[in-house]
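FYI, it's all coordinate maths here, none of it is from the lab. These numbers were taken from a predicted model, which means no experiment stands behind them. Here the Cβ is made from the backbone with ideal geometry for all residues, glycine too, and neighbour counts use every protein chain on show.
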Amino acid sequence: MTAVPQERRVVTAIPGPKSQELQARRTAAVAQGVGSVLPVFTARAGGGIIEDVDGNRLIDFGSGIAVTSVGNSAEAVVRRASAQLQDFTHTCFMITPYEGYVAVAEALAELTPGDHAKKSALFNSGAEAVENAVKIARSFTRRQAVVVFDHGYHGRTNLTMALTSKNMPYKQGFGPFAPEVYRMPMAYGYRWPTGPQNAGPEAAAQAIDQITKQIGPENVAAIIVEPVLGEGGFIEPAKGFLPALREFATGHGIVFVADEIQSGFCRTGQWFACEDEGIVPDLITTAKGIAGGLPLAAVTGRAEIMDAAHAGGLGGTYGGNPVACAGALGAIETMKELDLNARAKAIEATMKPRLSAMAEKFEIIGDVRGRGAMIAIELVKDRTTKEPNPEATSALAGACHQEGLLVLTCGTYGNVLRFLPPLVIGEDLLGEGLDIIEQAFTRI
């Protein structure tokens, strides 16, 4: 495993000639429904750098969408996964089980919020985890309705498309969707009509009122919410919103599900973002950052809820694949050893003041928000009307890409630049990335 030099280098146009050749092959062979943010083809990656086939080295502010928090080739992940590859790649846990799956479930019981008895089931992707959380909640409560929130994102399978609030590109043309899904207002402080200070209690009161009138709490199996919204624009629900919903769920026997797929595993400076307001969910879904880039997902929760589904009712051929489980144990080892929660807080301490200073300079920045290494800026055409500015967002991302900085966009209105650097990124690369962003604003 050769270490990738931790310095930005742009030696060709981006994308370069070799990437363009590969792009031509890709266009011929890969379905066009699968998009790419930036068509540079990766040769190797690690730390805070992605090196492409043309020898360009890009600073990574995306982490494969919050997946490679420990880096793209963390020593412990590579070591443990390689050792497992030597032993066996697969038996199917539902046929002959193996220790790695059990060890991951034990680690999840230890790390997730709450000191109650917990159990886990492992899957392949975030969408599968959310879908299984719904199955488990329905099985436990003997109810059907599922409550989700505006701006929420929960996946691309049929059920999770129904749970996701954004039509384009996730739902357009793919219906009909699963029934018994109800969408409630989100405490989006920046866009709340009466101001951010009122968003938490008012949005919670509205949601509870609508659930009570439109569905009936006795019919609700689960309330599913991201403690920090990912795809919807890195929205932190205004203070008081999550605790009010948690209390309502408890009072009515509703399973409270924290979707921590993007926000979990040290990303926000805590093991899980719901810890910020002391929320203890009944079920928590994880994926992305769990296994250092290997496909793994989990539902973890109260033992009595997790045990509600009948034997054979949960599973899947690859769920909790032994190599992915080894990767997860390596990722968790790395997170503990390097104290990546503290590192995420340090990244916030560098990024937020710099971005706030840019907001003083550039009228186009309407809001700077997020926690830990999950930071975003929302771009607007006018600070008074807060009209979204997706065109500028796209142009700024493109300008950053040309300079060798990989950034992602998100948000229901396509007007949010989101920053998800690997938690192991060097301080110098972080600073250089912020310089590139500032220069892009100056130019555009």
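A few comments on the model shown:
- Pairs of Cα atoms nearer than 8 Å and 6+ residues apart set the relative contact order; for the chain it is 22 percent.
- Euclidean distance of C-alpha centroids, segment 59-114 and segment 256-300, integer Å: 14
- At R0 = 35 Å, FRET efficiency that the Cβ-Cβ distance of Thr89 and Thr212 yields, to 0.05: 0.10
- Residue-span extension gain [Glu247 to Glu99] - 0.36 nm each, minus C-alpha spacing: 49.6 nm
- Sorted largest first, the spans of the alpha carbon positions of segment 75-337 along the three principal axes are 58, 41, 37 Å.
- Kirkwood hydrodynamic radius over Cα pairs of segment 86-231, then Stokes diffusion coefficient at 37 °C and 0.692 mPa s, in µm²/s: 187
- With each label modelled as a point 7 angstrom along the Cα→C-beta vector, the Thr317-Glu277 pair spans 4.2 nm.
- Estimated D of segment 347-396 in µm² per second, where Rh is the Kirkwood radius over Cα pairs and Stokes-Einstein applies at 37 °C, 0.692 mPa s: 293
- Label sites at Arg443 and Thr384, each approximated as a point 7 angstrom past Cα along Cα to Cβ, lie 3.2 nm apart.
- Violating pairs (Cα-Cα greater than 31 angstrom) within the set Lys166/Lys288; Lys171/Lys213; Lys18/Lys336; Lys118/Lys352; Lys336/Lys361; Lys336/Lys381: Lys18/Lys336; Lys118/Lys352; Lys336/Lys361; Lys336/Lys381
- Check: segment 176-246 dipole with +1 on Lys, Arg Cβ and -1 on Asp, Glu Cβ, in debye: 140
- Working from label points 7 Å from Cα in the Cα-to-Cβ sense, the Glu180 to Glu110 distance is 3.8 nm.
- Hydrophobic long helices, here whole DSSP H runs in the chain with Kyte-Doolittle means of at least -0.5 and Cα atoms spread over 30 Å or more along the helix axis, are found at 340-361.
- Highest average packing first - 72-84, 23-35, 142-154, Cβ atoms within 10 Å: 142-154, 72-84, 23-35
- For Lys381, the residues whose modelled amide H falls within less than 5 Å of its own, excluding neighbours fewer than 5 places apart on the same chain, are Glu387, Asn389.
- Each Lys or Arg adds one and each Asp or Glu subtracts one; over the other residues with Cβ under 11 Å from the Cβ of Asp428, this totals -3.
- Size of electric dipole in the chain: Cβ of Lys, Arg +1 and of Asp, Glu -1, about Cα centre, debye, nearest 20: 740
- Within segment 382-417, backbone nitrogen closer than 16 Å to the virtual label 7 Å beyond the Cα of Asp428 toward Cβ: none
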